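Below is one structure, written out as structure tokens; comments come after it.
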Amino acid sequence: MTMFDLSGKVAVVTGGSRGIGKAISLRMAQHGARVVVSSRKLDACEEVVNEIRAAGGEAVARTCHIAHKDQLQGLVDFTTSHYGSLN
């Protein structure tokens, strides 16, 4: 086990399709987290998910506009139904 071992953890990254959010998504997956990549544009999220999967990681894409509370709740509900929990 290393200091940055995220095996068994689930990470939700909003703004995860580009810039710092993309870098965070990729790095968390690299360290073993299952990642939910989220932003307003599904295509951009899916590109990051494909990159994570190509490197052997596990990730899914989900759209979410963080200014809309119902969409944030939907993101949490999706994550818990897909991965069982947020941890």
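The values are calculated or read from the model by the stated rules, or taken from the named source; none is laboratory data. Note that the structure is predicted; figures quoted are calculated from it, not measured. FYI the Cβ positions are ideal-geometry reconstructions off the backbone, even for glycines, and counts take in every protein chain you see. When the accessible area is computed, the model is the full protein with side chains, heavy atoms only, and any ligands, DNA or RNA have been set aside. Shrake-Rupley method; radii C 1.70, N 1.55, O 1.52, S 1.80 Å.
Total residues in region 43-54 satisfying the condition of being surrounded by fewer than 16 Cβ atoms within 10 Å (Cβ to Cβ) and either hydrophobic (A, V, I, L, M, F, W, C) or touching a Gly at 6+ places or on another chain (Cβ under 8 Å) (or both): the figure is 1. The numbered conditions (1) in contact with a helix residue (DSSP H, G or I) (Cβ under 6 Å, 6 or more places away or on another chain); (2) at pLDDT below 95 are all true for G84 except (1).
Of all residues in region 56-74, count the ones that are farther than 11 Å from T14 by Cα and either among the charged types (D, E, K, R) or out of contact with any helix residue (DSSP H, G or I) (no Cβ under 7 Å at 6 or more places or on another chain) (or both). Adding up the residues that qualify gives 9. Residue count for region 1-23, restricted to those that are under 28 Å from D70 (Cβ atoms) and not in a helix (DSSP H, G or I): 10.
In summary, A67 fulfils each of the numbered conditions (1) among the small types (G, A, S); (2) free of Cβ contacts under 8 Å to residues at least 24 places away in the same chain; (3) outside any helix (DSSP H, G or I); (4) closer than 17 Å to L86 by Cα with the single exception of condition (4). Can you find, within region 24-40, the residue that is most open to solvent (accessible area, probe 1.4 Å) among those that are of a type in the set (S, T, N, Q) and in a helix (DSSP H, G or I)? Step by step, filter region 24-40, then rank; the result is Q30. Looking across G84, G57, one residue alone is surrounded by 18 or more Cβ atoms within 10 Å (Cβ to Cβ) and among the small types (G, A, S). It is G57. Annotation: T14 fulfils all but one of (1) in contact (Cβ under 8 Å) with a residue 60 or more places away in the chain; (2) among the polar types (S, T, N, Q); (3) open to solvent by 70 Å² or more (accessible area, probe 1.4 Å); the unmet one is (3).
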